[in-house]
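The values are calculated or read from the model by the stated rules, or taken from the named source; none is laboratory data. Worth saying up front: this structure is predicted, and the values here are computed from it rather than measured. Please note: Cβ atoms are built from the backbone with ideal geometry, for glycine as well, and neighbour counts cover all protein chains shown.
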Amino acid sequence: METNYIEMMIQSLEKKKKLLNQISELNIEQKMLLQDPNLEVDDFEQNMRRKGTLIEEIDLLDDGFEQLYERVKEALNTNREQYAPQIHKMQDLIRELSALGVSVQAQEARNKPLVEQKFASVRKQVKSVRNSQKVVQQYYNNMVRAGGGTSKYMDDKH
């Protein structure tokens, strides 16, 4: 029975590796999106949603891995020699996952200033639009007060 749990743990680590690689690819895509001056907000949001989904999957895998480990911890410690190949495989995968995790964190750190710049640019554009709307509204209000919107130069002799 422990062997099945151990194999499930190995599969969980391999799936986590696959998911971290997908997150890394999405980080690369995110960087390209943020560098695009014609960024479509929907594209950026879709990228973020996909990353969020992958992160949730990783969290579930981590929880499942911990539960499985609790079930086989004693057997692994007691029969280390018997499970040596599986233990070694898990150790290798955990090392790979650690390196991948560091790489993903570095990508996130590099993308953060790009995100901040993009949001600052968007805020500036929104502020500009709001100011333009204020000017238009003030002009409209001044025109209404000045004469109800009719021309002052109309001839009243009809």
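A few remarks follow.
- Long-range neighbours under 8 Å by Cβ, at least six apart or interchain, first residue basic (Lys, Arg) within segment 66-81, second surrounded by 11 or more Cβ atoms within 10 Å (Cβ to Cβ) and assigned to a helix (DSSP H, G or I): 71/2; 71/5; 80/87
- Scanning segment 65-87 for residues being over 21 Å from residue 14 (Cα atoms), outside any loop (DSSP other than H, G, I, E, B) and out of contact with any Asp or Glu (no Cβ under 7 Å at 6 or more places or on another chain) gives a total of 3.
- Checklist (1) more than 16 Å from residue 22 (Cα to Cα); (2) more than 19 Å from the chain's Cα centre (by Cα); (3) in a helix (DSSP H, G or I) applied to residue 109, failing item: (2)
- Members of segment 129-158 that are at pLDDT below 65 and either surrounded by 10 or more Cβ atoms within 10 Å (Cβ to Cβ) or in a helix (DSSP H, G or I) (or both): 147
- Annotation note: of 40, 14, 116, the sole residue that is loosely packed, with under 11 Cβ neighbours inside 10 Å and out of contact with any Lys or Arg (no Cβ under 8 Å at 6 or more places or on another chain) is 40.
Yes or no, residue by residue, for (1) among the aromatic types (Phe, Trp, Tyr); (2) surrounded by 12 or more Cβ atoms within 10 Å (Cβ to Cβ); (3) within 19 Å of residue 8 (Cα to Cα); (4) at pLDDT below 95:
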position	(1), (2), (3), (4)
45	no, no, no, yes
49	no, no, no, no
55	no, yes, no, no
59	no, no, yes, no
63	no, no, yes, no
89	no, yes, yes, no
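- Checking each residue in segment 1-58 for being more than 11 Å from the chain's Cα centre (by Cα), of a type in the set (Ser, Thr, Tyr) and closer than 21 Å to residue 104 by Cα picks out only 12.
- Scanning segment 11-57 for residues that are in a loop (DSSP other than H, G, I, E, B) and in contact (Cβ under 8 Å) with a residue 40 or more places away in the chain gives a single hit, 39.
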